[in-house]
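K.L.:
Just dropping this structure here.
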Amino acid sequence: MKKKVFLTRRLHDFALKELKKKYLIEIHSGKIPIPQTKLRSKIKDVDGLICFPYDKINSETMEVAEKLKVISTYSVGFDHIDTESAKKRKIRVGYTPEVLTDATADLAFALMIDLLRRVSEGDRIIRENKWRVIYGAYDYVGADLQNKTLGILGLGRIGKTLAKRAKAFDMKIVYHNRNRLSPAKEKSLGAKYLSFEKIISQSDIISVHVPHTSQTENMLNAKIFKKMKKSSFLINTARGKVIDEKDLISALKKKEIAGAGLDVFANEPISKENQLTKLQNVVLAPHIGSSTKETRAKMAEITVRNLNLGINGKKPIYSVGY
Ligand code: DGY
């Protein structure tokens, strides 16, 4: 008899074809993220689960899943999964790092250029028919990237790739990480280690690349924004909850910092009622860090491979903990 796999959203057609060859699959349609009651009723007798960011897979969810062998998430982030509970229940957890590193670093860089050169702001000005002055000496002036200090919070795969991009743009790179890199690695990246406090007070741009955990939740808040340079920008392509969004809105309104480029939010999707949408010094993206054709296809491939391994009791290629 074929094993059963439940998907909380649709994956690429090629991935579904692969899955259908081996398993009986069912795909949730309707409200996203999937409501807990439906998720719990669906995973009762499945062997594998494919999920996406914001599908809450906690201990209560897993409690009902008696046969579940693997949770394979189509994402690098796994803050939506209680990985400790999974480990206790001997449920493998697979995720998709590496393949999305370049795409996500590119988006962080894109947000940074957009903010400093006011590209989206200019686009809005034209679309709203507000372009009046042509080539005015002080009009729509942005800032150079060259010689600016980029502070990277979290120098993992994505942070390091961003550093490489920044080096090519002649930026000064400083970073803070749980573990400091070796002097040789720091030298090759051209990145200087600083304390968290110094990153906050010295950077012209801060880009966030830490995972969302109980330690990092709201780590950037009113107290921190007050210590940043008034001319500085904040970029977040990691997870929205790492920033206290209400405090950020207030800091942007009070001009305590110069602007923000955000791909992730405390609660997604955000609506046009969100105060962030009213601010000109903010560039917003709908959580598209990994969203390129090539990257998303690779993520689907890894998601299926992780599932195939875990469902057979083996360690996924990219595995969390167990
Ligand atoms: C992930 O995979 O967790 C990222 O948020 C994608 O952008």
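The values are calculated or read from the model by the stated rules, or taken from the named source; none is laboratory data. Quick caveat, the model's predicted, so the values are computed rather than measured. As a convention, Cβ positions derive from the backbone with ideal geometry for all residues, glycine included, and neighbour counts pool all protein chains shown. Surface accessibility is based on the protein's heavy atoms, side chains included, excluding ligands, DNA and RNA. Shrake-Rupley method; radii C 1.70, N 1.55, O 1.52, S 1.80 Å.
K.L.:
Please indicate, with yes or no, whether at least one residue in segment 210-229 is under 17 Å from Phe109 (Cβ atoms) and not assigned by TED's automatic domain parsing to the domain that holds Phe14.
P.N.:
no
K.L.:
Any residue that is more than 16 Å from the ligand (Cβ to nearest atom) and assigned to a helix (DSSP H, G or I) - is there at least one of those in segment 281-301?
P.N.:
No: zero hits.
K.L.:
Could you look through segment 242-274, keep only residues that are touching a residue at least 40 places away in the same chain (Cβ under 8 Å) and out of contact with any Ser or Thr (no Cβ under 7 Å at 6 or more places or on another chain), and pick out the one that is farthest from Leu115 (Cα to Cα)?
P.N.:
The selected residue is Glu268.
K.L.:
Inspect all residues belonging to segment 56-67 and state whether any of them is of a type outside the set (Lys, Arg), crowded, with 19+ Cβ neighbours inside 10 Å, outside the structural domain of Lys167 (by TED's automatic domain parsing) and farther than 30 Å from His209 by Cβ.
P.N.:
Yes, because at least one residue in segment 56-67 is of a type outside the set (Lys, Arg), crowded, with 19+ Cβ neighbours inside 10 Å, outside the structural domain of Lys167 (by TED's automatic domain parsing) and farther than 30 Å from His209 by Cβ.
K.L.:
Between Tyr322, Tyr318, which is open to solvent by 30 Å² or more (accessible area, probe 1.4 Å) and touching a Lys or Arg at 6+ places or on another chain (Cβ under 8 Å)?
P.N.:
Of the residues listed, the single one that is open to solvent by 30 Å² or more (accessible area, probe 1.4 Å) and touching a Lys or Arg at 6+ places or on another chain (Cβ under 8 Å) is Tyr322.
K.L.:
Within the bounds of segment 186-208, is there any residue that is in contact with a helix residue (DSSP H, G or I) (Cβ under 6 Å, 6 or more places away or on another chain), on the phi < 0 side of the Ramachandran plot and basic (Lys, Arg)?
P.N.:
So far as segment 186-208 goes, no, none of its residues is in contact with a helix residue (DSSP H, G or I) (Cβ under 6 Å, 6 or more places away or on another chain), on the phi < 0 side of the Ramachandran plot and basic (Lys, Arg).
K.L.:
Let me ask something additional. Quick check on my filter: what residues within segment 84-102 are open to solvent by 10 Å² or more (accessible area, probe 1.4 Å) and within 14 Å of the ligand (Cβ to nearest atom)?
P.N.:
Within segment 84-102, Tyr95, Glu98, Val99, Thr101, Asp102 meet the criteria.
K.L.:
What number of residues within segment 128-179 satisfy the criterion of being polar (S, T, N, Q) and within 18 Å of the chain's Cα centre (by Cα)?
P.N.:
Of the residues in segment 128-179, 2 are polar (S, T, N, Q) and within 18 Å of the chain's Cα centre (by Cα).
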